[in-house]
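In what follows, a single structure is set out as structure tokens and then discussed.
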Amino acid sequence: MSPPPAPMVPTHAPDAAKASYSTITERVISPPPHVAARKDPKLANNWKTKEASELTDEEVKAMPDSEYMNDKQLAFFRHKLSILKSEIHASAGQTTENLREDTVVVPDPADRATIEEEHALELRTRDRERKLLKKIEQSISRIDAGDYGYCDETGEAIGVGRLIARPTASLSLEAQQRRELKQKLFGD
């Protein structure tokens, strides 16, 4: 529920002939309350009998908090990151093929512009994937160093749910929100 709008308050300047009204309200953004993820008790012990590559996201989420970033979880996330890395490499190869096939000279300017725009969009996508690939490499090296799953700024646990959604996360949700707020207020 949002706060009620601030009342219109007249402000008077000594030399002003007319009153102006201020409607500026200060909004404070508070982080969402921490909600514990629901854990399925049926899946709670499945991780003990399966290989890390066979585990599902739900089974990893159902693991007890005391097992946070144990060997199975680290192997699970390494596998997840490796799959993501291989998918990016495969899509990069596909981009090269697409750009080679579509280099036919088209006499119609509208068709040529459409093809060029599609190429530009595909290249921007590959540039984003290139940056993601760098983050994947950093995450794998964090697994090797034993730092994976913990916030770079605060040192607290990032959380399995957040890591499943974004395996390259290096900040907790609260630290990421603070960083985004600073970027919004002060720019990069």
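Just so it is clear, none of the values below were taken in a lab; they were calculated from the coordinates. Predicted model only: the values in this text are computed from it and were never measured. Note that each Cβ is placed from the backbone with ideal geometry, even for glycine, and that neighbours are counted across all protein chains shown.
As a footprinting exposure proxy, order THR168, THR114 by other Cβ within 10 Å, with the fewest listed first.
THR114, THR168
Could you list which residues have their amide H under 5 Å from that of TYR150, counting only those 5 or more apart in sequence or on another chain, with H placed in the peptide plane?
Those qualifying (amide H under 5 Å, at least 5 residues apart or on another chain) are ILE158.
Give me the distance between the Cα centres of region 98-171 and region 52-74, rounded to whole Å.
25
Based on the alpha-carbon gyration tensor of region 39-148, what equivalent-ellipsoid semi-axes (square roots of 5 times the eigenvalues) come out, in whole Å, largest first?
42, 15, 11
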